[in-house]
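Here the structure is laid out as structure tokens; the discussion comes afterwards.
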Amino acid sequence: MRGAPVVSIELEFDAATERAVRVEWQALADAGLSSLAAHTAPSNAPHVTLLVRSSVSLASVPLPAAFPVALGAPVLFGAGERRVLARSVVPSAELLALHAALHEAAGPGDDAPHTAPGEWMPHVTLARRLKVSDLERALPLLGEPVTGMARGLRRWDAASATVTALGEFGG
């Protein structure tokens with residue numbers, strides 16, 4: 001699947017949580033560091049990726065009640081001189097249940113390892129290709145952990161560069 005177009009299902013946040021992440025994107029960019037702030041497409045919004053496959057067919061999408069999300073400590077992914085900088089997302093019972101229900105609804109498939117049940121590390125990406133040598137400058141720019149709300153789900157289709165709203169969570 002590496003390099004091939006993919007489809008992902010993503011968890012969206014309430015406006016305040018989205019703003020908090022965008023503030024961190026901008027702080028990194030203002031310091032001249034790698035940041036998702038540089039990606040200005042309308043589809044670029046803070047999110048947690050729940051499922052990634054070469055294709056996704058869902059007869060129905062599980063839409064739970066809105067639930068709190070906690071964006072925690074920074075984490076690094078990858079190897080080598082450049083890494084992905086992200087905020088960990090605390091895997092609450094509600095988040096884990098949504099992840100499991102979504103994978104059950106999607107059925108078996110060619111899950112990307114980083115979203116497969118049992119291998120998933122929920123996170124919100126702040127920067128891609130951040131130089132390890134810039135980490136000492138980047139970390140102090142990040143704020144305190146953020147507690148917000150999960151708002152709904154969206155589908156990202158990389159081949160067509162389209163986002164489709166799948167629904168908002170109930171109150």
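The values are calculated or read from the model by the stated rules, or taken from the named source; none is laboratory data. As the structure is a computational prediction, the values presented were derived from the model and not from experiment. A quick note on method: Cβ atoms are made from the backbone with ideal geometry, for glycine too, and the neighbour counts reach across all protein chains shown. Surface areas here come from the heavy atoms of the whole protein model, side chains and all, with no ligands, DNA or RNA. Shrake-Rupley method; radii C 1.70, N 1.55, O 1.52, S 1.80 Å.
Rounded to the nearest 10 degrees, the inclination of helix 93-106 to the longest alpha-carbon principal axis of the chain is 60 degrees. Relative contact order, whole percent, for the range 58-134 stands at 39, derived from Cα pairs under 8 Å and 6 or more residues apart. For helix 15-30, report the angle its Cα long axis makes with the longest principal axis of the Cα atoms of the chain; keep it between 0 and 90° and round to the nearest 10°. Helix 15-30 and the main axis of the chain meet at about 40 degrees. Sorting the segments 14-20, 122-128 by their residues' average number of neighbouring beta-carbon atoms within 10 angstrom, most packed first, yields 122-128, 14-20.
Need the full-extension length gain, Glu168 to Arg137, defined as separation in residues times 0.36 nm minus the C-alpha distance. One decimal, nm.
Working: separation 31, 0.36 × 31 = 11.16 nm, distance 3.69 nm.
Separation in residues times 0.36 nm, less the Cα-Cα distance, equals 7.5 nm.
The largest accessible area among Glu24, Glu94, Glu136, Glu168 belongs to the first residue in Glu136, Glu168, Glu94, Glu24, and the rest follow in falling order (1.4 Å probe, all chains).
Listed values (1) 134; (2) 113; (3) 126 include one computed from this model; for volume of the Cα convex hull per residue in Å³ that value carries the label (2).
With contacts taken as Cα pairs under 8 Å and at least 6 residues apart, the range 1-100 reaches a relative contact order of 27 percent. The DSSP beta bridges internal to the chain are antiparallel in roughly 95% of cases.
Could you order Val23, Val84 by accessible surface area, starting with the largest, using a probe radius of 1.4 Å? Working shown, then result.
Working: Val23 95, Val84 40 Å².
From most accessible down to least: Val23, Val84.
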